[in-house]
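Worksheet: the structure to be examined is printed underneath.
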Amino acid sequence: MNQFPHLHEATAQMLEASLPEKLEFVRSNHLFGYPAYDHILRDLQDLVAFPRSLKPECRAVIADSDNGKTTLTRQFIANNPIVLDEAGYPITKVLWVETPASADERRLYSAILSALNVTHRPDAPPARLEALAHEELAVQRTSVLVLDELHAMLNSPARQQKQFMASLKRLSNMRQLSIVACGTVDVSRALAIDTQFVSRFTRLALPRWQADESFLKLLASFERLMPLARPSNLTAPKMALEVFKSCDGTIGSVRKITLQAVERVLKDGGERVTFEIMQGACQSYTRSRLVTAPRPS
């Protein structure tokens, strides 16, 4: 029986660990409670099982920077690991690719081939790379292609953007491939370049946090990952409001604040995060934002 009901069992086991082990635990653990997160994961998983069609369903995952998009896509990939068939060949049902910094179809195909672990010449003619990408996607039975930071292609001239999106649509059509386009709100602008292709995409958003029940659940989930013997009561109104006022409404900012607070407690040999410690972490985070924020033009 868990003697520390405010902690996950795995967290409770860390109470007897050394300080370096505790710090590694809190820094590496990314579990959090996010209703939209779970909904999107289920929706993406459905794409993997959908029967293939000539115009496969696609998704656009939209999130502000530091609001859980990377964690979500990593979890999606982890839920669909590469497996080997009877002959020992890889089956990659879900493939993650970082969108090239420019709308270059050669670089797109090269990125896909690299993700599939296929040896190729990046400077080969685009047609050759395209044919090889189509062949390998078929061989590895890929059904979902996750393109991270798709909005990056908007840095290129309009003509290249159109060619890039045409290549992506052709890839989706010929391989009956569901595309998951991830990025900021600018992803919608990138997809709109092809008015026919964009109609296949359902928008899935990870909105900024509000001062509501979901935010309290988020704080509670973080507390369950803090290897501290006594409850910190992060969901207490005064504590929760202090964190909310200082964060950017993103999960990354909440994590940075709570991580700074729990690290201080661990290093000081304490047993819980007090309001004063949390207030100090919030103030430190606010100062760091002022230092790193771009100057107004």
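Across A152, A261, A211, mean-square fluctuation computed from a Gaussian network of the chain (C-alpha pairs under 10 Å connected) peaks at A211. Charged neighbours of E149, selected by a Cβ distance under 12 Å, balance to -2 (K, R count +1; D, E count -1). Highest mean first, the peptides 243-250, 43-50, 84-91, 143-150 sorted by other C-beta atoms within 10 Å per residue fall in the order 143-150, 243-250, 43-50, 84-91. Calculated from the structure, Rg/Rh (Cα atoms, Kirkwood Rh) equals which of (1) 1.10; (2) 1.04; (3) 1.29? From the options (1) 1.10; (2) 1.04; (3) 1.29, the structure gives (2). Couplings 3J(HN,Hα) for region 9-24, derived from phi with the Karplus relation 6.51 cos²θ - 1.76 cosθ + 1.60 (θ = phi - 60°), are 4, 5, 5, 4, 5, 7, 4, 8, 6, 6, 4, x, 5, 5, 5, 4 Hz, where x marks Gly and Pro. Can you give the local net charge around T184? Use residues other than it whose beta-carbon is closer than 12 angstrom to its beta-carbon, Lys and Arg +1, Asp and Glu -1. Its environment carries a net charge of -3.
Pick from A115, A220, A103 the residue whose mean-square fluctuation is largest in a GNM of the chain, springs joining Cα atoms under 10 Å. Of A115, A220, A103, the Gaussian network model singles out A115 as fluctuating most.
Could you give me D for region 114-166, from Stokes-Einstein at 4 °C and 1.567 mPa s, where the hydrodynamic radius is the Kirkwood radius over C-alpha pairs? Units µm² s⁻¹, please.
Numbers: Rh = 12.9 Å.
For the chosen part, D equals 100 µm²/s.
Would you calculate, for the chain, the mean residue ellipticity at 222 nm contributed by helices, counting each DSSP H stretch of 4 or more residues as -39,500 (n - 2.57) and dividing by all residues, to the nearest 500?
Details: 12 runs with 147 residues, N = 297.
Per the formula, -15500 deg cm²/dmol.
All of the numbers you see were taken from the coordinates with simple rules; none came from a lab. If you're wondering where the values come from, they're calculated on a predicted model, not measured in any experiment. Glycine gets a Cβ as well: all are built from the backbone with ideal geometry, and neighbour counts include every protein chain shown.
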